[in-house]
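What follows is a set of notes on a single structure, which appears directly below.
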């Protein structure tokens, strides 16, 4: 996938519109996890070091096209300044007088952050007029927001049609790692899928099962798969209306050549609560009044064995109710196994990322993707709008 990057651009003195992915969790104005911001630092530093005048675009939350104080990105500018060790200017609009003035005042190597792109209805509509408003702020466009690359919005896709465009260093890395693992995985290739819904991931499961040697399933999606096989799952969370879909999918996976591994035991409880009493039971013997909330110790050992044999591993989604300590042991154990693996390990998606960070092995993971939906769509084999437009440059 040949794509132009910032290394191919003449940057000195140029106003660079950098689309970053700073959609981070905030509480009372404080950032709870700055992983995505830290991932963008190499690109920002490269641009500044090469004399660019950097204007950062990002969204935060879902303000639905209207300004909302709780979704202002101003707190991010202060934190970004601390991460970079330099001043970061802030404009209280995105394309209006404040950002226009700031774009004209920036000097070579300086960095600024503009207000939330989603404060404007034209952003998610990819409105041509809003696209022109944004494009007028810059001379060059750089997309480093892999986590938003599956959205054809004004700041992720539209502006790339108006200005010379290229990928940032993070975008480049995400594309290379995910494409390589998808197209040319070193074997054995093990895929581990968790999370709540099978229906959200049917496409990626089916695509990866054609390439993987082994498919491991945990989380609530495994409950639905177990139910589809006729197992008693008590009152476990399942997708009742997707049982036939799952039966058909399991049959197709069996013919694809990938080994399908479902939990052989689970940690169950009589209610969905942090203080519920855990009990380990066989996966086909979950009591009528109980629900599966984590993979059991025998399943952990089974999964660990498969991971030990792997050369490439892709993990998406938690294997249990990760927010409850009593039911996070499966995910935590597997995170440690990932960190100790000699395989090329790739982690994509929220709670799986949190698991490897909590286990203290994030620095031993080959690649932690900043994308959620974007990662899954790419692993499904789709070409993302924010990447497709860069391929045409």
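The C-alpha atoms of the stretch 295-393 occupy a region whose extents along the principal axes are 50, 29, 22 Å, arranged from largest to smallest. The orientation-averaged projected area of the convex hull spanned by the Cα atoms of the stretch 26-65 comes to 3.9 nm². Extension gain, residue 49-residue 152: 0.36 nm per intervening residue step, less the Cα-Cα distance, totals 34.1 nm.
Run the numbers on the chain and let me know its relative contact order in percent, using alpha-carbon pairs under 8 Å that are six or more apart. For the chain, the relative contact order is 16 percent. Cβ crowding within 10 Å ranks 199, 181, 72 as 199, 72, 181, fewest other Cβ atoms first. The reciprocal of the average 1/r between distinct C-alpha atoms defines the Kirkwood hydrodynamic radius, which for the stretch 185-360 equals 15.8 Å. Listed from fewest to most Cβ neighbours within 10 Å, the set 94, 290, 246 follows the order 290, 246, 94. Modelled this way, with points 7 Å down the Cα-to-C-beta line, the labels at residue 298 and residue 391 are 4.6 nm from one another. Computing P(r) over Cα pairs in 20 Å bins from 0, in percent directly from the structure and comparing it against (i) 28, 58, 14, 0; (ii) 28, 51, 21, 1; (iii) 25, 42, 24, 8, 0 singles out (ii). Full extension of the chain segment joining residue 280 with residue 380 gains 32.6 nm, where the gain is 0.36 nm per residue of separation less the Cα-Cα distance.
Remark: 32, 216, 163, 60 ranked as 32, 163, 60, 216, counting other beta-carbon atoms within 10 Å and listing the fewest first.
Any read-out appearing in this document is the output of simple, stated calculations on the displayed coordinates, not a laboratory observation. All of these numbers come straight from a predicted model, not from anything done at the bench. Every residue, glycine among them, receives a Cβ derived from its backbone with ideal geometry; neighbour counts consider all protein chains shown.
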